[in-house]
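> Encoded as structure tokens, here's the structure I'll be asking about.
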Amino acid sequence: MQENDIDNITQNNAAHSICSIISNSEVMPGVFLMWLEAADIAKKAKPGQFIMIQCGGNTLFRRPISIHRTEESKLAILYAGLGSGTQWLSKQKEHTPIDILGPLGNGYTVNNDDKNLLLIAGGMGIAPLTFLADAAVSQGKNVTLLLGAQKEEMVFPGNLLPDGIKCIVTTDDGSMGIKGRTTDMLSAYLDEADRVFACGPAPMYRTMYKNNLLMNKPCQISLEVRMACGMGVCYGCTINTRHGLKQVCHDGPVFDFDDILWDELVDI
Ligand code: FES
């Protein structure tokens with residue numbers, strides 16, 4: 001990344017910040033919760049936005065990571081230590097300086113009229129949806145969360161969820177909650193929802209599309225694609241939508257479900 005790229009993005013309501021780690025702990029096997037002191041970004045962030053984080057190790061590019069929640073001048077990320085960059089990140093200790101850009105992307109939009117929100121989190125999709133649930137609860141909205149994981153150990157801990165939401169857990173193997181997928185439970189909670197907000201892996205979205213599970217209920221989803229620059233410079237994250245070509249990092253990562261041309265989207 002060039003310095004003038006950083007200047008462009010900082011002019012675009014995002015900040016370039018060297019912030020300090022407050023804590024970094026493993027909350028599920030291989031999944032870490034990191035809190036950062038990052039006032040410039042935390043105060044502007046919206047649910048569904050992300051940061052680009054410079055990891056050490058052998059990583060050249062910044063990694064896009066969803067903003068998990070904020071608290072005044074603090075910001076949290078929830079991330080899986082899968083690649084060399086995030087494994088490096090998982091080993092960083094309190095007070096270590098971390099270089100981040102953000103907040104980036106558009107974020108979820110909740111209308112004032114939306115009273116009952118249905119959130120669908122597949123696996124690590126819980127990361128941005130926790131922030132959305134925090135905001136919705138603070139605005140007096142009713143939140144129902146369908147929280148899916150492969151097995152009990154990979155279910156996001158209930159004590160880290162916001163108070164005041166209804167949570168239905170599914171696991172693929174039935175080791176906790178209801179055996180099956182979040183998408184199996186969608187029809188049971190769809191009627192009472194004014195709007196659906198989802199974040200999860202591509203197969204979850206494809207199941208929703210192929211089986212028409214949303215029944216025309218408005219739904220916003222967060223797309224996870226490979227990103228290099230994360231700020232609309234490289235065009236590496238371009239997808240085709242009903243409104244033409246869009247860059248996931250800049251025009252998304254949140255899109256209306258119906259705007260995605262699912263039959264054309266092969267890379268996620
Ligand atoms: Fe470069 Fe989106 S990642 S334009």
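The values are calculated or read from the model by the stated rules, or taken from the named source; none is laboratory data. Note that the structure is a prediction, hence the values are computed from the model and not measured. Every residue, glycine among them, receives a Cβ derived from its backbone with ideal geometry; neighbour counts consider all protein chains shown. The accessibility values were calculated without ligands, DNA or RNA, using every heavy atom of the protein model including side chains. Shrake-Rupley method; radii C 1.70, N 1.55, O 1.52, S 1.80 Å.
> Rounded to the nearest 5, what % of DSSP beta bridges with both residues in the chain are antiparallel?
Percent antiparallel among DSSP bridges in the chain is about 60.
> Suppose each label sits 7 Å from its Cα in the direction of the beta carbon; what would the Gln54-Glu264 distance come out to in nanometres?
3.7
> Let me ask you something else. Round to the nearest 10 and report in Å² the accessible area of Arg242, as given by a 1.4 Å probe over the protein chains' heavy atoms.
Its heavy atoms expose roughly 150 Å² to the probe.
> So for Ser84, Ser66, what's the accessible-area order with a 1.4 Å probe, most first?
Per-residue accessible area, sorted high to low, gives Ser84, Ser66.
> Then there's this: Placing +1 on the Cβ of each Lys and Arg and -1 on the Cβ of each Asp and Glu in the chain, which of Asn106, Tyr205, Ser138 has its Cα farthest towards the positive end of the resulting dipole?
The residue sitting farthest along the positive end of the dipole is Tyr205.
> Which value at 222 nm does the chain reach when only helices count, each DSSP H run of 4 or more adding -39,500 (n - 2.57), with the total divided by all residues and rounded to the nearest 500 deg cm²/dmol?
-5500 deg cm²/dmol
> Between Ser23 and Leu190, what length comes free when the chain is fully extended (0.36 nm per residue of separation minus the Cα-Cα distance, one decimal in nm)?
Length gained between Ser23 and Leu190: 56.4 nm.
> From largest accessible area down, sort His250, His16, His68, His95; use a 1.4 Å probe on the protein chains.
His95, His250, His16, His68
> A further question on this structure: What is the magnitude of the charge dipole of the chain about its Cα centre, with +1 placed on the Cβ of each Lys and Arg, -1 on the Cβ of each Asp and Glu, and no other charges, expressed in debye to the nearest 20?
Rounded to the nearest 20 debye, it is 160 debye.
> Computing the accessible area with a 1.4 Å probe over protein heavy atoms, can you report the carbon and sulfur percentage for region 36-106?
Result for region 36-106: 48 percent of the exposed heavy-atom area is carbon or sulfur.
> Which residues in region 135-150 have a backbone N closer than 19 Å to a point placed 7 Å from the Cα of Lys74 along the Cα-to-Cβ line?
Counting only backbone N, you get 135, 138.
> Pairs Lys74/Lys246; Lys46/Lys151; Lys44/Lys93; Lys44/Lys151: which are spaced more than 28 Å apart, C-alpha to C-alpha?
Lys74/Lys246; Lys46/Lys151; Lys44/Lys151
> Multiplying the sequence separation of Glu94 and Asn112 by 0.36 nm and subtracting their Cα-Cα distance, what value in nm do you get?
2.6 nm
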